[in-house]
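Working notes for the structure below.
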Amino acid sequence: MPNVPAASALPRRDQIRKEAARLFAARGFLGVGVDEIGKAVGISGPGLYRHFAGKDAMLADLLIGISERLLEEGRRRAGEAEGPGAALDALIGGHVDFALDDRDLIILHDRELLHLKEEDRRRVRRLQRGYVELWVEVVRQAFPALADADAEPVARTSVHAVFGLLNSTPHSADRSPLPRDGMAALLHTLAQGAFAAAAARVA
């Protein structure tokens, strides 16, 4: 399992991010107050304003930050891979790690996007579209049967289906008897199998 720093070992701003994500995921954005987030990191609620303009800014920071990270990391992984198959394998591995290690952020993405300001929501959506397009391009390169223009909708739909599978991890991992490495391997295999099945459908 990756070494994740304890909250107390993180810089203060990162401590606030971590605890805000945990609390928002557990009780919803509207159900958590600034004072409660401050208490979780050992500072007064008003003290948080030295790091964030408010609760809205914390949520925007979390959702924009993870969207940027996924896209940048995805581009890096795909760019460094030797060939389309390896690029897809690297993308799947990166998203599996995200699904297993950042469960709170997945829940926020699914549930709290509507609470962002319109400008921030558009930015997150733009980053998400970029991430999807990266996957669609790599999937179509990795599976020649999906490279045809007529097969593009199948490739795109399969990418969204795989995201649905991987992003459901927060709701299943805690109930799984598999250790983290076993869960990661299973998710990886299922994702690869979904794309192979999609390619076989149009071949």
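The values are calculated or read from the model by the stated rules, or taken from the named source; none is laboratory data. Predicted model only: the values in this text are computed from it and were never measured. As a convention, Cβ positions derive from the backbone with ideal geometry for all residues, glycine included, and neighbour counts pool all protein chains shown. Ligands, DNA and RNA are stripped out before the accessible areas are found, and what is left, the full protein with its side chains, is counted by its heavy atoms. Shrake-Rupley method; radii C 1.70, N 1.55, O 1.52, S 1.80 Å.
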>> List pairs: first residue in segment 118-140 and more than 17 Å from residue 156 (Cβ to Cβ), second residue open to solvent by 100 Å² or more (accessible area, probe 1.4 Å) anywhere in the structure, Cβ distance under 9 angstrom, at least six positions apart or on different chains.
In response: 121/114
> Tally time: how many residues in segment 182-192 are open to solvent by 40 Å² or more (accessible area, probe 1.4 Å) and among the small types (Gly, Ala, Ser)?
Replying inline: 1
> How many residues, within segment 152-167, are modelled with pLDDT of 95 or more and either open to solvent by 40 Å² or more (accessible area, probe 1.4 Å) or more than 15 Å from residue 133 (Cβ to Cβ) (or both)?
Replying inline: 7
> residue 112: out of contact with any His (no Cβ under 8 Å at 6 or more places or on another chain), surrounded by fewer than 20 Cβ atoms within 10 Å (Cβ to Cβ) and without any contact (Cβ under 8 Å) to a residue 60 or more places away in the chain, yes or no?
Replying inline: no
>> Could you list, ordered by first residue, the pairs with Cβ atoms under 9 Å in which the first is in segment 71-88 and aliphatic (A, V, I, L, M) and the second is not in a helix (DSSP H, G or I), at least 6 apart or interchain?
In response: 87/81; 88/81; 88/143
>> Every residue in segment 49-77 that is of a type in the set (A, V, I, L, M, F, W, C), under 14 Å from residue 134 (Cα atoms) and open to solvent by 20 Å² or more (accessible area, probe 1.4 Å), please.
In response: 70
>> Only one of 129, 140 is at pLDDT 95 or above, surrounded by 19 or more Cβ atoms within 10 Å (Cβ to Cβ) and either of a type outside the set (Ser, Thr, Tyr) or under 21 Å from residue 30 (Cβ atoms) (or both). Can you tell me which?
In response: 140
> Within the set of pairs 6 or more residues apart or between chains, which connect a residue that is under 10 Å from residue 100 (Cα atoms) and in contact (Cβ under 8 Å) with a residue 12 or more places away in the chain inside segment 178-189 to a residue that is hydroxyl-bearing (Ser, Thr, Tyr) and not in a helix (DSSP H, G or I) with Cβ atoms less than 8 Å apart?
Replying inline: 183/176
> Which one of these does residue 34 not meet: (1) open to solvent by 10 Å² or more (accessible area, probe 1.4 Å); (2) of a type in the set (A, V, I, L, M, F, W, C); (3) touching a residue at least 24 places away in the same chain (Cβ under 8 Å)?
Replying inline: (3)
> Would segment 89-109 turn up any residue that is under 22 Å from residue 200 (Cβ atoms), more than 11 Å from the chain's Cα centre (by Cα) and exposed (fewer than 15 other Cβ atoms within 10 Å of the Cβ)?
Replying inline: no
>> Which pairs turn up if I take residues in segment 43-56 that are over 15 Å from residue 13 (Cβ atoms) and look for partners that are open to solvent by 70 Å² or more (accessible area, probe 1.4 Å) with beta carbon separation below 7 Å, at least 6 apart in sequence or on another chain?
In response: 45/35; 56/117
